[in-house]
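Only one structure is covered here, and it is reproduced in the block below.
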Amino acid sequence: MSGTHPDDGFIDVIASEVEADPGNLALREDFVTLLLEHDPDRASTELQALEALGGDPARTRLLRARLMAARLRTSNPVPAPAPTDTDAAEEGSSAAAPASLWDAERPAVTPDDVAGLAEVKQHLDTTFLAPLRNPELAAAFGQRPGGSLLMYGPPGCGKTFIARAIAGDLGASFIHVTVADLLSKWIGESEKAVQSVFRDARAAAPCVIFFDEFDALGGRRTSGGGGSQSMRMLVTQLLEELDGVASTNDGVYFLAATNRPWDIDSALRRPGRIDKTVLVLPPDATARAAIIRGALEGKPADDVDVVAVATATEGFSGADLSHLATTVLQQAMARSMSSGALVPVTTAAMLATVGSIVPSTTSWFDQVAPVLEYGVDDGTFDQLRAYRVKRGMR
């Protein structure tokens, strides 16, 4: 941040408070909001820290959209007077490149850091990662250094974490894109945002672009009103970028996540575009135990048997397990305040609470059943069909 701003002293005070209480998520969120007006780059760093510490996903998505807006304001200042012919001649071809609008972080996690999910990781490795780890061998077979993958499955099962792990495995930068980052009420702005994503990814290559909630961005182009026209234009822009019409995508890896793969425009799924898929299922017993252990770490807990809790939570998503831990911790805190003494979380308390929580994945499997029964399947749902047979689902 250049120069001195009247709020600099206040920012330093808040920064000191955040450093003294790093787990205070509300304070961190306020700090990010303050920095958005004065130092977007620092706001980006603090926003990443907020996300890593478990900040509310809806709030962090909103803050990320506001960060994009702040950077757009910075990169589009009031136009200067038109240059003279002499100015143009002196400038020549050395015009400054467009400012980077997207944060390209470097994830430290890899698939080895994902507990359990052995089948998911094996399929991911076979269909996507193994060829990318061997670029010389891939080149011998005429394969270019890039790739695309669609991850689908119930909500809350860790698709975003897996995307970061893929980037970490490839040693690539990582750009996370959400609906709020792209959609605009102004005609043409969403397409420009898509262009800027790919432009910045090419500049940061090797780079993984991760589009979250992809069905909202790459939905079917149906006939209709202005909203449908905007969606058609957005999908068309995505197609151009994926095909490398304006620039090559060497070293750019495109990942997308969705809970509704049947709503993705078929043009995006054709061979040569997003033609590989992986099903991200609810965490298995090993992963559930790890999630519960992590949720209770550093909290008052009386030697909780995480294996027993994991066994009782078959079908729970990662988000469901986090909700379970939060609920039991709140109950223990209430009892502690009532009794005036610390009441830790116990295995019995967790098992008793499990019965009051309906896994959020249940509704997703109900939604997908008619799609499997009556929809057109190009092989996308092979893994899902096998899983349902294994679980005895209809």
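None of the figures in this text is laboratory data; all of them are computed from the coordinates on show. These numbers come from a predicted model, not from an experiment. No Cβ is skipped: glycine too gets one built from the backbone with ideal geometry, and neighbour counts run over all protein chains shown.
Once the Cα gyration tensor of the stretch 283-394 is found, what semi-axes does its equivalent ellipsoid get, as square roots of 5 times the eigenvalues, in whole Å, sorted largest first? Intermediate values should be presented prior to the final figure.
Values: eigenvalues 254, 35, 21 Å².
Working from the Cα gyration tensor, I get semi-axes of 36, 13, 10 Å.
Using unit Cβ charges (K, R positive; D, E negative) and no other charged atoms, how large, in debye to the nearest 20, is the dipole of the stretch 111-279 about its Cα centre?
On the way: 17 positive and 20 negative charges, 73 e Å.
The calculation lands at about 360 debye.
Straight-line reach from K276: which lysines fall under 24 Å, measuring Cα to Cα and dropping same-chain residues less than 8 apart?
K121, K159, K390
Pop out the ³J(HN,Hα) list for the stretch 259-275 in order, Karplus 6.51 cos²θ - 1.76 cosθ + 1.60 with θ = phi - 60°, rounded to Hz; leave Gly and Pro as x.
9, 10, x, 5, 9, 6, 4, 4, 5, 6, 9, 5, x, x, 10, 9, 9
Which peptide among 24-34, 166-176, 130-140 comes first, and what is the full order, when sorted by highest mean count of other Cβ atoms within 10 Å? If you can, show how the numbers build up before the last one.
Working: 24-34: 17.4, 166-176: 22.4, 130-140: 12.5.
With the highest mean Cβ count within 10 Å placed first, the list reads 166-176, 24-34, 130-140.
Kirkwood Rh and Cα-based Rg: tell me the resulting Rg over Rh for the stretch 300-357, rounded to two decimals. Mind dumping the intermediate values first?
On the way: Rg = 11.4 Å, Rh = 11.7 Å.
For the stretch 300-357, the value is 0.98.
For the stretch 168-179, in order, what is each residue's ³J(HN,Hα) by Karplus, 6.51 cos²θ - 1.76 cosθ + 1.60 with θ = phi - 60°, in whole Hz (x at glycine and Pro)?
x, 5, 7, x, 10, 5, 9, 10, 9, 10, 10, 4
Ranked by Cβ crowding within 10 angstrom, fewest neighbours first, how are K390, K299, K159 ordered?
Working: K390 9, K299 14, K159 22.
With the sparsest Cβ surroundings first, the list reads K390, K299, K159.
How would W262, W186 line up from fewest to most surrounding beta-carbon atoms within 10 angstrom?
On the way: W262 18, W186 7.
Starting with the residue having the fewest Cβ neighbours, the order is W186, W262.
Tell me which residues come under 5 Å, amide H to amide H, from E213 once H is placed; ignore anything under 5 positions away on its chain.
When sequence neighbours closer than 5 places are left aside, the close amide H contacts are A257.
When the Karplus curve 6.51 cos²θ - 1.76 cosθ + 1.60 is applied with θ = phi - 60°, which whole-Hz ³J(HN,Hα) does each residue of the stretch 32-44 get, with x for Gly and Pro?
Those phi angles translate into 4, 4, 5, 5, 4, 7, 10, 8, x, 5, 5, 4, 4 Hz.
What are the residues whose amide H is under 5 Å from the amide H of T277, where those residues sit 5 or more places off or on another chain and H is modelled from the backbone?
L150
Remind me, relative contact order of the stretch 285-354 in percent, using alpha carbon pairs under 8 angstrom and six or more residues apart? Show your work: numbers first, answer last.
Working: 70 pairs, mean separation 28.8, N = 70.
Rounded, it is 41 percent for the stretch 285-354.
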